[in-house]
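Working notes for the structure below.
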Amino acid sequence: MLASCDVSASAVVSAVRRHFGAERDGLGPEWAALEEFTGGPGGWGRSRRADLFLVGAWSGAPRGHERVLVEVKVSRADLTHELASPDKLAAFARYAHRVYFATPAGLVRDEDLGAGVGLIEVTAGRAQVRVKAARRSDVEPPPEEFMVEAFRRASRAEARIRQADNADAPARVAQLERELAVARRAVETSRAAADRDRQRLSRWIEAVAYAGGVACVCGAAMRPPLDFRRHNLRHADGSPCPQATYGDAAEPDMVALARRFAALGTTQNAEAAT
């Protein structure tokens with residue numbers, strides 16, 4: 001039995017975008033999507049437009065930047081009209097690795113689907129692939145107009161976000177999400193740099209410890225191995241440090257360590273000279 005049309009086209013598009021992870025901006029979304037995509041600002045005409053055109057943002061093998069065309073239908077009349085005018089679908093399908101119809105659940109009969117065309121059904125706001133589309137290997141490269149139109153759309157969206165104010169709630173939300181994504185990337189970059197510096201320092205101090213020892217801030221000798229991540233630095237004789245910051249853990253005397261580094265450098269230079 002076929003479903004009644006109680007789901008809007010906008011709701012179907014949103015569900016499909018969520019399914020592909022393209023509904024909200026993230027740190028590195030796998031898919032980028034444009035709806036009502038004309039493929040170019042001129043020449044194509046308004047009669048040629050894709051309801052939703054997705055491009056894989058990740059280029060990993062074997063798919064690379066896979067392209068997916070999704071045509072949204074929410075009524076039998078709309079679907080019948082689409083099937084009777086295959087040229088509209090073919091105009092974009094030639095550039096897509098996979099082609100799907102996206103509909104409310106129960107709208108499409110199995111015999112409605114053409115060869116290789118897949119079906120995404122939406123129920124209660126969730127999209128599910130009922131028939132997986134065949135992947136075509138003979139797709140044509142997108143024309144230059146595609147890139148121009150995508151840039152035009154992106155430029156308009158970014159301009160709106162950059163000028164967003166409290167009266168433009170959706171753009172303001174997108175602006176804040178983008179700022180949050182930038183901040184998160186900065187935090188991750190800083191954290192990775194700090195980890196690298198910590199590991200580098202640990203290796204240097206470890207080498208000095210095995211070469212002649214490291215002094216604690218209290219003056220006692222410390223024992224290798226030196227593990228700074230777990231705060232388990234100890235005196236060579238196992239005694240607690242009277243100046244400990246973390247429990248009874250020892251703490252390297254950085255001034256003495258710098259002198260030790262300088263001494264090692266002087267010795268290495270002298271050996272190289274001889």
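The values are calculated or read from the model by the stated rules, or taken from the named source; none is laboratory data. Since the model is a prediction, treat every value here as computed from it, not as a measurement. Reconstructed Cβ throughout: ideal geometry from the backbone, glycine too, with neighbour counts over all protein chains shown. Remember, those area values only see protein heavy atoms, side chains included, never the ligands or the DNA or RNA. Shrake-Rupley method; radii C 1.70, N 1.55, O 1.52, S 1.80 Å.
The residues listed here are R185, R203, R223, R198; of these, the one that is open to solvent by 60 Å² or more (accessible area, probe 1.4 Å), modelled with pLDDT under 85 and closer than 30 Å to A157 by Cα is R185. Of all residues in region 122-138, those satisfying the criterion of being open to solvent by 30 Å² or more (accessible area, probe 1.4 Å) and on the phi < 0 side of the Ramachandran plot are T123, R126, Q128, V129, R130, V131, K132, A134, R135, R136, S137, D138. The residue of region 54-102 that is least open to solvent (accessible area, probe 1.4 Å), among those that are of a type in the set (S, T, Y) and over 13 Å from V117 (Cα atoms), is Y95.
For region 69-125, filtering for residues that are among the β-branched types (V, I, T) and in contact (Cβ under 8 Å) with a residue 60 or more places away in the chain leaves 5.
A single member of R185, R153 is under 17 Å from P29 (Cβ atoms), in contact with a strand residue (DSSP E or B) (Cβ under 9 Å, 6 or more places away or on another chain), of a type outside the set (S, T, N, Q) and part of a helix (DSSP H, G or I), and it is R153.
The helices (runs of 4 or more DSSP H) located wholly in region 1-101 include none with 2 or more residues which are modelled with pLDDT under 90 and among the polar types (S, T, N, Q).
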